[in-house]
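Chemist: I am attaching a structure below and will ask some questions about it afterwards.
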Amino acid sequence: MRYRASALGSDGVRVTMESALTARDRVGVQDFVLLENFTSEAAFIENLRRRFRENLIYTYIGPVLVSVNPYRDLQIYSRQHMERYRGVSFYEVPPHLFAVADTVYRALRTERRDQAVMISGESGAGKTEATKRLLQFYAETCPAPERGGAVRDRLLQSNPVLEAFGNAKTLRNDNSSRFGKYMDVQFDFKGAPVGGHILSYLLEKSRVVHQNHGERNFHIFYQLLEGGEEETLRRLGLERNPQSYLYLVKGQCAKVSSINDKSDWKVVRKALTVIDFTEDEVEDLLSIVASVLHLGNIHFAADEESNAQVTTENQLKYLTRLLSVEGSTLREALTHRKIIAKGEELLSPLNLEQAAYARDALAKAVYSRTFTWLVGKINRSLASKDAESPSWRSTTVLGLLDIYGFEVFQHNSFEQFCINYCNEKLQQLFIELTLKSEQEEYEAEGIAWEPVQYFNNKIICDLVEEKFKGIISILDEECLRPGEATDLTFLEKLEDTVKHHPHFLTHKLADQRTRKSLGRGEFRLLHYAGEVTYSVTGFLDKNNDLLFRNLKETMCSSKNPIMSQCFDRSELSDKKRPETVATQFKMSLLQLVEILQSKEPAYVRCIKPNDAKQPGRFDEVLIRHQVKYLGLMENLRVRRAGFAYRRKYEAFLQREWEWQPWADHCCSPRTKIFIRFPKTLFATEDALEVRRQSLATKIQAAWRGFHWRQKFLRVKRSAICIQSWWRGTLGRRKAAKRKWAAQTIRRLIRGFILRHAPRCPENAFFLDHVRTSFLLNLRRQLPRNVLDTSWPTPPPALREASELLRELCIKNMVWKYCRSISPEWKQQLHQKAVASEIFKGKKDNYPQSVPRLFISTRLGTDEISPRVLQALGSEPIQYAVPVVKYDRKGYKPRSRQLLLTPNAVVIVEDAKVKQRIDYANLTGISVSSLSDSLFVLHVQRADNKQKGDVVLQSDHVIETLTKTALSAHCVNNININQGSITFAGGPGRDGTIDFTPGSELLITKAKNGHLAVVAPRLNSR
């Protein structure tokens, strides 16, 4: 959400909480205490919904932070956000986890009192992520310790390791913490982190051997198989497929799309190095992890006496090597139980069910004790190295409690009983500390304290933990008593001992209607958060958590350094029965309560909006369930028992509120103002909002008037200054220009007078001016093309230079023109030049051919017979034109085709080559000077192959003869005759063509036997 511009006080502190009240209808209120209908659960959830819809996942209940998991990255944890919340009062910025972190840290530094942040909520609500963000905030914003950032790195890197060994994928959360964690971070007097310590609670070790459908075992198993190096897996006897291991397939969910086990393994491997694990320790640790997987693959078969025997020898060999124990001893411990009776040791063989129980018990014991050792190892890495120095006494501690929330499932067993007991104790502590904090604040401000009515869940805590009469004491007694003790005998004893307790109910004690919802092996407790029904099945086994003596002896003999620390030999000589799981948990919980009571608490309540882990989805039923189990309504009711709103006078007066009309609803103690009802605060804020508009208008009007007048005066002064400078500049430029003009005119006049004298200083300027003027004029009047003969008249002094320039200009234009013509056009010009050389001034119809382009051929390939083309073979046809041939005897005209090849002139009739005249035998070509189109090809008389000269007529006579002359290289052998042409008509016989001018073209045979040609005379010649 983008909050409105916040007011700034005299000390520059922003006041934004009240500013957001004007948008409360859309985004709700930032503090549930300001809800008018604070007793309504529906109003509480609706406020959550509004804020969740606007991606506002944090809301306060007084000092308590309520966080809703958005299931996506909102980009609100950057370094910029950290800086925004550093050193700012709690209510001066929007609700955020960093606001809690900074408030706790400043209290730790200024008051020198230990602090604790208690984070609780259901699995998947974001508790682990909140813990990470808190550690990230302190790592980024706290000053670095003198010995570097090693402690900060170890604090941050301890999380991936603990998550790998203590977290698993469940139906509700892909990274669910399966243990409770309390971490102490130690700060020196400078506020730098110098050490840390971690306490773990109730690891869910039953997950090692069994997972519900859709769930996984602890992350470390899958990370090792997916990311481990090939050499490491080979040494551990493992293969990458998780389906090969019984302990990993029961949930049928080895692969999860949202989890990248391979990359997580790299993170864990790096983290182990950061927290001081040696390579040998890493190998020993991985050997234990692998041994648990191999234990799950140990199978048994019954012999003839129904006794269990190990059938998987290969797995047993791996276990022997990885755990560094004797193979025969381990085999015997898995199939026999050692009993000490009257000082004598007896070995009792186990049946298949007992052997499987022993195997699973060993796997759980090995893993849980290794986890405890791992926490101890991390604590040794986090321990301050300066504990002996005097400054160590000045350190303060900040605790982070990441604990499981209240759990209610379809089937609730021993684990849920312990978890809900833990939540009862923490709720009791929470209410007590909240009331204590409220009472201290009221007394400090001089306000009379009125006792607050609330549900005191001490009665439920006593029901669970009271000596001799509590459920834990009865459970321990049933586990320890001789005889056949079962889960049902435990339930019967419970019914006899606590049957009159108002918060306890069983099938036997219930009325007829309630019995329908209670099984015979179940009991029901009325917790502060509601009723929970527990099944007693497995209570005794899980509470005893027994490991057969010979299994203990086997593990105590292990040469694996970690196993030898986890299984101490002193256990074997200790005759005292170990404490039960419930008792151990109760004692550690009491110790945790003492730790928390010694610190100033802060609270983060985490809520998950839906079970599908989808962003933007708000499941009201699920959230109502969590609001109830987290005790948020109870917390709100306690907080609202007195005054809903309290603020220091300084922050209050910064907003200049007119609060006198509601004085009856306010209280003015020593340092703060207290307002009882939220509607008073809202009415005040709304009135201020209305008043602010008119105030803002007046302030803006005054400021704009002042601002623009000042700006006008600045602009006016600037304009006057610029104008003065510019006028002076213009005057100086004009004076300089006049002076230059006068000097130039004098020089030109003096040079003009002496223009005919030899060059001297007096006329040099004028002569240069004349030359420059001519050259500039010439540049503008240069000839445009080769045919343009114009040229400016030069002055006398430049005549020689002008001629040289003109010659160069013409050469340049010619060169450019020649460069620009194409090869085809060049050939056309060449032919035209030859035609001009031959016919210009000699033949009447030549001028008509000049403007017409010569064509490469007058006949296409498709107009020439294929047989002719075949007869020519590879000879290309350079030119083809239709002609008329006149017979040598009767001068009868016949249509023919004239073809020019590289070697000869070919006369073609349809598909037949009539005559071929090689260029070597072509002695000349005759044509008249008139406008007719006849011509004669003369051949050698000695060539017997030729019948005589050829008389032809072509409509394109100039083009045809030019191309023939060029192809035959006989340009000089073209004869242009006037009057008549004599040609060889055959052996010993000559023919004559007579040419006479006339009005129109006429070709006939004359009476004298000659060919008479009458051609019109053209005036163009």
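Chemist: Select from Trp791, Gln781, Tyr817 the residue farthest towards the positive end of the dipole of the stretch 763-819; place +1 on Cβ of Lys and Arg, -1 on Cβ of Asp and Glu, and compute about the Cα centre.
Modeler: Sorting the options by dipole projection puts first Tyr817.
Chemist: Order His197, His219 by their accessible area, 1.4 angstrom probe, all chains in place, largest first. Provide the component values of the computation, followed by the final result.
Modeler: Values: His197 85, His219 15 Å².
My answer, sorted largest first, is His197, His219.
Chemist: On to the next question. Run the numbers for Leu347 and Gln827: contour at 0.36 nm per residue of separation, minus the present Cα-Cα distance, in nm.
Modeler: Details: separation 480, 0.36 × 480 = 172.80 nm, distance 12.12 nm.
Answer, rounded to one decimal: 160.7 nm.
Chemist: Here is a follow-up. Determine how large the accessible area of Ile259 is when every protein chain is in place; take a 1.4 Å probe and give Å² rounded to the nearest 10.
Modeler: 30
Chemist: Need one value: the accessible area of Arg989 in square angstrom, 1.4 angstrom probe, rounded to the nearest 10.
Modeler: About 90 Å², ignoring ligands and nucleic acids.
Chemist: Of Trp825, Trp373, which has the most accessible area and how do the rest follow, probe 1.4 Å?
Modeler: Trp825, Trp373
Chemist: Within 12 Å, Cβ to Cβ, of Gly538, how many net charges do the neighbouring residues add up to if Lys/Arg are +1 and Asp/Glu are -1?
Modeler: Within the 12 Å Cβ shell, the charges total -3.
Chemist: On to the next question. Which whole-Hz ³J(HN,Hα) couplings does the stretch 821-832 yield from phi under the Karplus relation 6.51 cos²θ - 1.76 cosθ + 1.60, θ = phi - 60°, glycine and proline marked x?
Modeler: 7, 8, x, 5, 5, 5, 5, 4, 5, 4, 5, 5
Chemist: How high is the relative contact order of the stretch 541-599, given as a whole-number percent (alpha carbon pairs under 8 Å, six or more residues apart)?
Modeler: On the way: 23 pairs, mean separation 21.0, N = 59.
Across the stretch 541-599, relative contact order equals 36 percent.
Chemist: Taking the solvent-accessible surface of protein heavy atoms with a 1.4 Å probe, what is the per residue accessible area of the stretch 763-819 in Å²?
Modeler: Details: 4300 Å² over 57 residues.
Value for the stretch 763-819: 75 Å² per residue.
Chemist: Using label points projected 7 Å from each Cα along Cα→Cβ, tell me how many nm separate Trp791 and Thr992, to one decimal.
Modeler: For the pair Trp791/Thr992, the computed spacing is 5.6 nm.
Chemist: Non-local amide H neighbours of Asn167 (under 5 Å, H modeled in plane, Pro and chain starts lacking H): which ones?
Modeler: Answer set, sorted by chain and number: Arg178, His219.
Chemist: My understanding is that a pair violates if its Cα-Cα distance is over 20 Å; which of Lys169/Lys205; Lys317/Lys559; Lys270/Lys364; Lys132/Lys181; Lys892/Lys947; Lys889/Lys947 do that in this structure? Present the calculation step by step, with values, prior to reporting the outcome.
Modeler: On the way: Lys169/Lys205 14 Å; Lys317/Lys559 15 Å; Lys270/Lys364 27 Å; Lys132/Lys181 12 Å; Lys892/Lys947 16 Å; Lys889/Lys947 12 Å.
Cα-Cα > 20 Å for Lys270/Lys364; rest within.
Chemist: Further, regarding this structure: Excluding ligands, DNA and RNA, what is the solvent-accessible area per residue of the stretch 52-102 at a probe of 1.4 Å, expressed in Å²?
Modeler: Working: 1890 Å² over 51 residues.
On a per-residue basis, the stretch 52-102 sits at 37 Å².
Chemist: Using DSSP, restrict attention to beta bridges with both residues in the chain and report what percent are antiparallel, rounded to the nearest 5. Don't jump to the answer; show the numbers that get you there.
Modeler: Details: 88 of 118 bridges.
DSSP beta bridges in the chain are roughly 75 percent antiparallel.
Chemist: Continuing with the same structure: Kindly write out, for the stretch 483-496 in residue order, the coupling ³J(HN,Hα) from the Karplus curve 6.51 cos²θ - 1.76 cosθ + 1.60 (θ = phi - 60°), rounded to whole Hz, with x marking Gly and Pro.
Modeler: Coupling constants for the stretch 483-496: x, 8, 9, 10, 5, 6, 5, 4, 5, 5, 5, 4, 4, 6 Hz.
Chemist: Next question. Heavy-atom accessible area of Tyr421 with all protein chains present, probe 1.4 Å, nearest 10 Å²?
Modeler: 0
Chemist: Using a simple spin-label model with points 7 Å from Cα along the Cα→Cβ vector, what separation in nm is obtained for Glu83 and Asn241?
Modeler: 5.5
Chemist: Right, something else. So how do Lys608, Lys250, Lys912 rank on accessible area, 1.4 Å probe, biggest first, that is with the largest at the start? Mind dumping the intermediate values first?
Modeler: Numbers: Lys608 0, Lys250 75, Lys912 125 Å².
If we order Lys608, Lys250, Lys912 from most to least accessible, we get Lys912, Lys250, Lys608.
Chemist: May I ask which residue of Ser724, Asn175, Leu494 lies farthest towards the positive end of the charge dipole of the chain, with charges of +1 (Lys, Arg) and -1 (Asp, Glu) on Cβ and the Cα centre as origin?
Modeler: Ser724
Chemist: Over the stretch 829-1015, with the other protein chains present, what is the accessible area per residue in square angstrom, probe 1.4 angstrom? Let's see the in-between values first.
Modeler: On the way: 9090 Å² over 187 residues.
Accessible area per residue: 49 Å².
Chemist: Let me ask something additional. Would you please put 578-585, 113-120 in order of how densely packed they are, using the mean number of other Cβ atoms within 10 angstrom per residue and starting with the highest?
Modeler: Top to bottom by mean Cβ count within 10 Å: 113-120, 578-585.
Chemist: Around Leu347, which amide H atoms from residues at least 5 apart in sequence, or from another chain, sit under 5 Å from its own amide H, with H modelled in the peptide plane?
Modeler: Ile339
Chemist: Let me ask something else about it. What distance in nm separates the simple spin-label points at Glu432 and Arg513, each placed 7 Å from Cα in the Cβ direction?
Modeler: 3.7
Chemist: With only Lys, Arg, Asp and Glu charged, each at its Cβ (+1 for the first two, -1 for the last two), find how big the charge dipole of the chain is about the Cα centre; round to the nearest 20 debye.
Modeler: On the way: 150 positive and 119 negative charges, 1916 e Å.
Charge dipole, the chain, about its Cα centre: 9200 debye, nearest 20.
Chemist: Which residue, Ser564, Ala355, Leu199, has the largest displacement toward the positive end of the dipole of the chain when charges sit on each Cβ (Lys, Arg +1; Asp, Glu -1)?
Modeler: So the residue we want is Leu199.
Chemist: Taking Cα atoms, how many degrees apart are the long axis of helix 581-597 and the longest axis of the chain, rounded to 10 and kept between 0 and 90?
Modeler: 80
Chemist: A further question on this structure: If I model the stretch 829-1015 as equal point scatterers sitting on the Cα atoms and use the Debye formula, what is log10 I(q)/I(0) at q = 0.10, 0.13, 0.14 Å⁻¹?
Modeler: -0.38, -0.66, -0.77
Chemist: Same structure, new question: Hand me the trypsin sites (Lys or Arg not before Pro) from the stretch 57-87 located in a DSSP loop with no more than 12 other Cβ atoms within 10 Å, in residue order please. Each step should come with its number before you reach the end.
Modeler: Values: sites: Arg72, Arg79, Arg84, Arg86; in loops: Arg72, Arg86.
Of the trypsin sites (Lys or Arg not before Pro), the ones in loops of the stretch 57-87 whose Cβ has at most 12 other Cβ atoms within 10 Å are Arg72.
Chemist: Using modelled backbone amide H atoms (1.01 Å from N, in-plane), which distant-in-sequence or interchain residues come within less than 5 Å of Gly126's amide H?
Modeler: Residues meeting the criterion, in which the H sits 1.01 Å from N, do not exist here.
Chemist: Return the lysines within reach of Lys842: Cα separation strictly under 22 angstrom, same-chain partners fewer than 8 residues apart disregarded; answer none if there are no such residues.
Modeler: Lys832, Lys963
Chemist: Taking the 0 to 90 degree range and rounding to the nearest ten, how far is the long axis of helix 471-480 tilted relative to the main principal axis of the chain, both from C-alpha atoms?
Modeler: The angle comes out at about 80 degrees.
Chemist: Right, next: Keeping the other protein chains in place, figure out the carbon and sulfur percent of the accessible area of the chain, with a 1.4 Å probe. Don't jump to the answer; show the numbers that get you there.
Modeler: Working: 26640 of 51320 Å².
Carbon and sulfur: 52 percent of the exposed surface of the chain.
Chemist: Under a point-charge model restricted to the Cβ atoms of Lys and Arg (+1) and Asp and Glu (-1), what is the dipole moment magnitude of the stretch 763-819 relative to its Cα centre, in debye to the nearest 20?
Modeler: On the way: 9 positive and 5 negative charges, 58 e Å.
About 280 debye.
Chemist: From the phi of every residue in the stretch 700-717, what ³J(HN,Hα) in whole Hz does the Karplus formula 6.51 cos²θ - 1.76 cosθ + 1.60 yield, where θ is phi - 60° and glycine or proline is x?
Modeler: 5, 5, 5, 5, 4, x, 4, 4, 6, 5, 4, 5, 4, 5, 5, 5, 5, 4
Chemist: Glu762: net charge of surrounding residues, Cβ under 13 Å, Lys/Arg +1, Asp/Glu -1, itself excluded? Display every interim value, and only then the final one.
Modeler: Values: positive: Arg746, Arg747, Arg750, Arg755, Arg759; negative: Asp768.
Combined, the nearby Lys, Arg, Asp and Glu give +4.
Chemist: What's the local net charge at Gly616, with K and R +1, D and E -1, over the other residues with C-beta under 15 Å away? Don't jump to the answer; show the numbers that get you there.
Modeler: Working: positive: Arg49, Arg50, Arg51, Arg53, Arg72, Lys608, Lys613, Arg617; negative: Glu54, Asp73, Asp611, Asp619, Glu620.
The answer is +3.
Chemist: Do the sum for the chain: with -39,500 (n - 2.57) for every DSSP H run of n ≥ 4, divided by all residues, what is the mean residue ellipticity at 222 nm, to the nearest 500 deg cm²/dmol? Don't jump to the answer; show the numbers that get you there.
Modeler: Numbers: 33 runs with 456 residues, N = 1021.
Roughly -14500 deg cm²/dmol at 222 nm, from the helical runs in the chain.
Chemist: Tell me, rounded to the nearest percent, the portion of alpha carbon pairs in the chain spaced more than 47 Å apart. Show your work: numbers first, answer last.
Modeler: On the way: 302461 of 520710 pairs.
Pairs farther apart than 47 Å: 58 percent.
The values are calculated or read from the model by the stated rules, or taken from the named source; none is laboratory data. Keep in mind that this is a model prediction, so the values were computed, not measured. Positions of Cβ are backbone-derived with ideal geometry, glycine not excepted, and every protein chain shown enters the neighbour counts. For accessibility, only protein heavy atoms count, side chains too; no ligands or nucleic acids. Shrake-Rupley method; radii C 1.70, N 1.55, O 1.52, S 1.80 Å.
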